[in-house]
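A short worksheet on the structure shown next.
The values are calculated or read from the model by the stated rules, or taken from the named source; none is laboratory data. Being a predicted model, the structure only gives us computed values, none of them experimental. For neighbour counting, all protein chains shown are included, and Cβ atoms are generated from backbone atoms with ideal geometry for every residue, glycine included. Note: areas computed on protein heavy atoms with side chains; ligands, DNA, RNA excluded. Shrake-Rupley method; radii C 1.70, N 1.55, O 1.52, S 1.80 Å.
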Amino acid sequence: MKIITTQKASCRDCHRCMRACLVKAIGIEHGQAHLLDHKCVLCGKCVVECPQHAKQVENNVSVIKEAIAAGKQVFLSIAPSFIASFPDISPEELHEQLMGLGFSGIEETAVGAEIVSHFYNDLLHSSDKPVISACCPVIVNTVKKYYPQLVDNLAPVVSPMQAHARLLKERFGRDIMVAFAGPCIAKMDEKNEPGSQVDVVIT
């Protein structure tokens, strides 16, 4: 399944997504918009811009529900930006409600970010060339697709999401499921990278 798809019945020939796309990764065929995978960096701008909600993002919530129902231990790595998505609920209340859904544990992805920051600190002091952070998959996708001459400048460091997933599996066992929740659609693609310890990503 594609990460971003266009529901043809909802696409109303407005071309707003095409105008909004910064990398021109939207094609029009018979009046219907569709993503050009070889150009798309998964920034999600087209999803936000679509007034008809025709752009749909892959939904993996059912994967988590099924795993919990089957008795699997599922640990949630939640992006620190959750505070902006849930302004009317305290972190403690959110934690309680998520645990009530059946998660075995919940932790902020910032734990992984702290580990990654040490590697960046060392890298910035030892590198003899400019270093581009590899924390954001949209930036990594953009460099790989549009600035391949800069690929060697990408930091050889995993993202906080990946670092946190590795840490969780080291602490609680390789057979647990690690779910990541955050606002970034491109994280769904990052999950599929070789060596990834993240099992499922939801927004």
Check your understanding: Between Rg and the Kirkwood Rh of the stretch 89-175, both from Cα atoms, what is the Rg to Rh ratio?
Key -> 1.10
Point to revise | Spacing of the two label points (7 Å from each Cα toward its C-beta) at S104 and H38, in nm | key: 4.3 nm
Exercise for review: Report, in cubic angstrom per residue, the convex hull volume of the C-alpha atoms of the stretch 16-97.
Suggested key: 163 Å³
**Study point:** Subset of K24/K144; K45/K65; K24/K145; K39/K145; K129/K187 violating a 19 Å alpha-carbon distance limit
**Key:** K45/K65; K129/K187
Review point. Of (i) 1.01; (ii) 1.12; (iii) 1.78, which is the value of Cα Rg over 2.2 N^0.38 Å derived from the coordinates here?
Key: (ii)
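With all protein chains present, how much of the accessible area of the stretch 1-159 (probe radius 1.4 Å) comes from carbon and sulfur, to the nearest whole percent? Write out the running numbers ahead of the final one.
Values: 5520 of 9710 Å².
Whole-percent figure for carbon plus sulfur exposure: 57.
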Review point. Once fully extended, how much extra length lies between E29 and L123, figured as 0.36 nm per residue of separation less the alpha-carbon to alpha-carbon distance?
Key: 29.2 nm
**Study point:** trypsin sites (Lys or Arg not before Pro) within the stretch 24-101, DSSP loop, no more than 12 other Cβ atoms inside 10 Å
**Key:** K24
**Study point:** For the stretch 154-196, accessible area per residue (1.4 Å probe, heavy atoms of protein chains only), Å²
**Key:** 41 Å²
Check your understanding: Which are the unpartnered cysteines of the chain, meaning those with no other cysteine Cβ under 4.7 Å from their Cβ?
Key -> C11, C14, C21, C40, C43, C50, C135, C136, C184
